[in-house]
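The structure appears below as C-alpha cells.
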C-alpha cells in the first residue's frame, strides 16, 4: 500500500524519538499522581480531562494551523501541483498535523478504558465514541474553516484557530451536560435512547459530514470543481435532523415542520453568505460555461448560498400556499404568510449588502463591513429608535416586529431595489471592460 | 521545430476589477526554451500559473502536451513542473526526505522511488548532499532542490518564474547550464525573468508580454533563410569599404567607416563566404568577419517601443 505523502511528512517532522519518549513519560507521571491522590476514579477523570486538552483543544489548534503553515512557508502551491488526491490531502493534513496528539490520545484512551472498567463506569463505549468522534469533528471543522477562509479571501489569519477553539468550547459546553445522562431518555422521530447515546451518534454523524465537506472543499482548492449538490444534501439532512426534535402539536404539525424547515434553510443561507467565497468573476465564468457547455455544466460556479436561497424561496412559496397559524413572535401576532414574505425580502436585502461590498477591487474586509451594516440594521438602529421613542420606525428595518407589514414590505422592496441598482452600478464600473 | 507542447488560445484572466490577461494566445514547440519577458505587472506570473493549472481564467483554452489543463488540471500537473517566484521548502527535512516526499506526492511508485530520487539529485548535482538538512542550504542550492522537486516526476514541461532571482553570478551560470541540460533531456521550458542577458544564453524563443497581452513572439534561432548582423573590420584604413559593401545586392549596410562596418545579410554560410572572398579579392585587409551576438535586450526594447508607437 502506498503511504500518504502528506501523512508521512508529518510523521517525519512530528514523531522524533525525543517527542515519542516525552509524551508517554509526561502522561504516565500525570496518571501516577492522579492515582496517588484518588485511586482509579481520579485516574479516569484525569484521562477524560487529558483527552479534552489533547484532542479537543490542542488538536484543534494544530489542525487549524496545518494549512496556514503551508501558506506561510510558501509550499501550498507545490502541494496543489502534486498528484495528491483531495481525500489524501484531507486526511493527510487532518491526522498528520495532529499525529503527535493522536499518539498521546492512544495512551489516554487505554488508561480511560482500563480505569473505567476498574471503577465500573457505565456506558464506556458510548462515551468513547462521543469523545473520539467529537475530537475528529472539531479538528476537521478547524481545518475546514481555515480552508474556507483561504479560499474566500486568498489570505489567512492565525487568529482563525482561536475561532475554531471557541467553536470547540461551545461543542464541549453543549455536550458536557449530557455526558453523564445515562437514564434521561431522548426522543428523535420516536426513537427513544439515552441522551449520551444520542449525542454520541449525532457527533459521529456530523463528524462524517465534516469529513465529506473537508474532502469537497479540498477538491475545490485542488482545482476540482463540483456542483453544489452536497450542500443541498447537507441542508436537507440538517432540516431532517432538527425537525426530529420537535415536540409536535397535533393539527398544525406539518405546517410547523414546514415553517421550521424554512427557518433552518434561512439560517443556513445566512451562514453560507458569510463564510463562502463570493467571487464576482464566477458570474462571468458561469455565463461563459453556460453558453459553451450548457446550464448543467455551468452549475459548478453556482455558489452554495444561492442554493440555500433557492431552497428558502421554494419552502417560502410552499408556506405561502398554506394558510398557516398565527405565529407569536416577540409578543406580536403576525400572519404566518406575511412573516414568510418579509423574511424572504429581508434575506435578499441582506445578501445584496454582502454582494455590494464584495464587488470592490479590495474585498478583503467586505464581509466584516457587511456585518457591521447588519448589526446597525438589526441591533443598533432599533435600539436607538426605541430609546428616543420612535420604535415604530423599526418596521422599516426588519421583519417580525411589525404589526404593519405593508409598510415593512414596501420598505424592504425599496431597499432591495436601491441595493440592486447600487450593485449594478458597481458591476458596470469595476467588471465591464 | 517540434509539435506544440504548450498551446494557449484566447486566454482571458481577470482579478477583481483588473484584466490581467487579455485574449492571450501562445504556442511553444517541444524542446524549446521560451523566455517570457515583460515589465512587472505585465501578466507573466498570471500566465504561468494559468498554464500550471493553478488559476481559473474567465475564458480561453490551455493545452499542455495535448491535455486540456482547465478541464483536467490534476492530470496536467503530472506533465508539468512548476517553480513559483517565491517558493518554499520544508526546512526541517533532509534533502533525501524532501525529494522522497515530492516523489510520493507526484504519485511515483514505491519501487521507483529510490531511482527517481537519485536521478533528480544527480540532474541537479545534489547527490552528495542528500543527508543534509534543507535549512543548511545556500540560496543557490535551495533553488536547485526546488527544481529537483519540480522535475522529480519527469514532466514534459517545466515552468520557472524568475528562477535566477537572488542568485550570485556563479549560481546563475550553473542554472543556465542546467536549463540547457534539461532541454537536451527532452524537456520544454518556459522561463520568466527580468535578466535578459542571461535568458540569451539558453532561450530559443522570446515571448514579450505587455499589459496582459502578448505583443511579440520571436525565435532566437537563426535559420539560413533569416538575416543576421555581421561586423567586418579591416586592419588598414579602407575608405571605400562602406561603398563597396553597399554594392552587394544581399547586403544592407547598417553603419560603417573606413575601419569598421556593420552589415545585415542572409545567415546562409555560402553567401557569407562569397562576400568575404570578394572583399579579400578586392584588396580589403579584412581581419575580423563575424556575426554579432543577438542582443535580446535590444530586441525586447525595440518590440516594446514599436508596440507603444502603434498604440
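Here residue B:33 meets the list (1) over 19 Å from residue B:179 (Cα atoms); (2) crowded, with 16+ Cβ neighbours inside 10 Å; (3) under 22 Å from the mean Cα position of the chain (by Cα) almost entirely, failing just condition (1). Listed by position, the helices (runs of 4 or more DSSP H) contained in region A:257-322 that have at least 3 residues being under 16 Å from residue A:227 (Cβ atoms) and either touching a residue at least 60 places away in the same chain (Cβ under 8 Å) or in contact with a strand residue (DSSP E or B) (Cβ under 9 Å, 6 or more places away or on another chain) (or both) are A:304-321. Look at (1) farther than 12 Å from residue B:234 by Cα; (2) part of a helix (DSSP H, G or I) and you find that residue B:263 fails only one, number (2). Counting residues in region B:185-197 that are surrounded by fewer than 17 Cβ atoms within 10 Å (Cβ to Cβ) and closer than 20 Å to residue B:3 by Cα gives one or more.
If the condition is being closer than 20 Å to residue A:282 by Cβ and either away from every other protein chain (no Cβ under 12 Å) or out of contact with any helix residue (DSSP H, G or I) (no Cβ under 8 Å at 6 or more places or on another chain) (or both), then region B:1-14 contributes B:10, B:11, B:12.
As a summary of the residue check, residue B:36 satisfies the conditions (1) within 14 Å of another protein chain (Cβ to nearest Cβ); (2) in a strand (DSSP E or B); (3) touching a helix residue (DSSP H, G or I) at 6+ places or on another chain (Cβ under 8 Å) except for the one numbered (1).
I'm checking my understanding of the structure. Among residues of region B:82-94 that are touching a strand residue (DSSP E or B) at 6+ places or on another chain (Cβ under 6 Å) and at the interface with chain A (Cβ under 8 Å from one of its Cβ atoms), which one is farthest from residue B:154 (Cα to Cα)? Among those that are touching a strand residue (DSSP E or B) at 6+ places or on another chain (Cβ under 6 Å) and at the interface with chain A (Cβ under 8 Å from one of its Cβ atoms), it is B:84. Here A:376, A:422, A:409 are screened, and the one residue that is more than 14 Å from chain B (Cβ to nearest Cβ), modelled with pLDDT of 90 or more, surrounded by 12 or more Cβ atoms within 10 Å (Cβ to Cβ) and more than 23 Å from residue A:271 (Cβ to Cβ) is A:422. Would you mind stating whether residue B:273 is modelled with pLDDT of 85 or more and farther than 29 Å from residue B:309 by Cα? Judged against the criteria, residue B:273 is a match. Looking at B:228, B:250, which is the one that is outside any strand (DSSP E or B) and surrounded by 12 or more Cβ atoms within 10 Å (Cβ to Cβ)? Criteria check complete, one pass: B:250.
Considering only residues that are farther than 16 Å from residue A:203 by Cα and either surrounded by 14 or more Cβ atoms within 10 Å (Cβ to Cβ) or at pLDDT 85 or above (or both), which ones fall in region A:240-249? Break it down stepwise before answering.
Here is the first cut: in region A:240-249, the ones farther than 16 Å from residue A:203 by Cα are A:243, A:246-249.
A:243, the sole residue that qualifies.
For region A:113-140, a residue qualifies if it is in contact (Cβ under 8 Å) with a residue 60 or more places away in the chain, in a helix (DSSP H, G or I) and more than 23 Å from residue A:168 (Cβ to Cβ), and the qualifying residues are A:115, A:116, A:118, A:119. Look at (1) touching a helix residue (DSSP H, G or I) at 6+ places or on another chain (Cβ under 9 Å); (2) within 10 Å of another protein chain (Cβ to nearest Cβ) and you find that residue B:78 fails only one, number (1). Is it the case, given these coordinates, that residue A:89 is crowded, with 22+ Cβ neighbours inside 10 Å, within 13 Å of chain B (Cβ to nearest Cβ) and free of Cβ contacts under 8 Å to residues at least 24 places away in the same chain? So residue A:89 does not fit the description; no. The numbered conditions (1) within 29 Å of the chain's Cα centre (by Cα); (2) free of Cβ contacts under 8 Å to residues at least 24 places away in the same chain are all true for residue A:110 except (1). Hey, can you tell me all the residues within region A:152-162 that are surrounded by 15 or more Cβ atoms within 10 Å (Cβ to Cβ) and either modelled with pLDDT of 70 or more or touching a helix residue (DSSP H, G or I) at 6+ places or on another chain (Cβ under 7 Å) (or both)? If the condition is that a residue be surrounded by 15 or more Cβ atoms within 10 Å (Cβ to Cβ) and either modelled with pLDDT of 70 or more or touching a helix residue (DSSP H, G or I) at 6+ places or on another chain (Cβ under 7 Å) (or both), then A:152, A:156, A:160, A:161 are the ones that fit. Of the residues screened, residue A:50 is not one that is in the same structural domain as residue A:165 (by TED's automatic domain parsing) and within 30 Å of residue B:73 (Cβ to Cβ). Write out, first by first residue and then by second, each pair whose Cβ atoms fall under 7 Å of each other, whose residues are 6+ apart or on separate chains, and whose first residue, in region B:271-292, is touching a residue at least 12 places away in the same chain (Cβ under 8 Å) while the second is in a helix (DSSP H, G or I). Listed by first residue and then by second, the contacts come to B:282/B:244; B:284/B:241; B:286/B:276; B:286/B:279; B:286/B:280; B:289/B:276.
Can you go through B:21, B:26 and tell me which one is touching a residue at least 60 places away in the same chain (Cβ under 8 Å), in contact with a strand residue (DSSP E or B) (Cβ under 9 Å, 6 or more places away or on another chain), surrounded by 23 or more Cβ atoms within 10 Å (Cβ to Cβ) and more than 9 Å from chain A (Cβ to nearest Cβ)? Full working, then the answer.
On the way: B:26 fails: surrounded by 23 or more Cβ atoms within 10 Å (Cβ to Cβ).
Criteria check complete, one pass: B:21.
Would you point out the residue of region B:56-68, among those that are in a loop (DSSP other than H, G, I, E, B) and more than 9 Å from every other protein chain (Cβ to nearest Cβ), that is nearest to residue B:143 (Cα to Cα)? In this case the residue turns out to be B:65.
The values are calculated or read from the model by the stated rules, or taken from the named source; none is laboratory data. Here the structure is a predicted model, which means the values were calculated and not measured. Don't worry about glycine lacking a Cβ; one is built from the backbone with ideal geometry, like all the others, and counts go over all protein chains shown.
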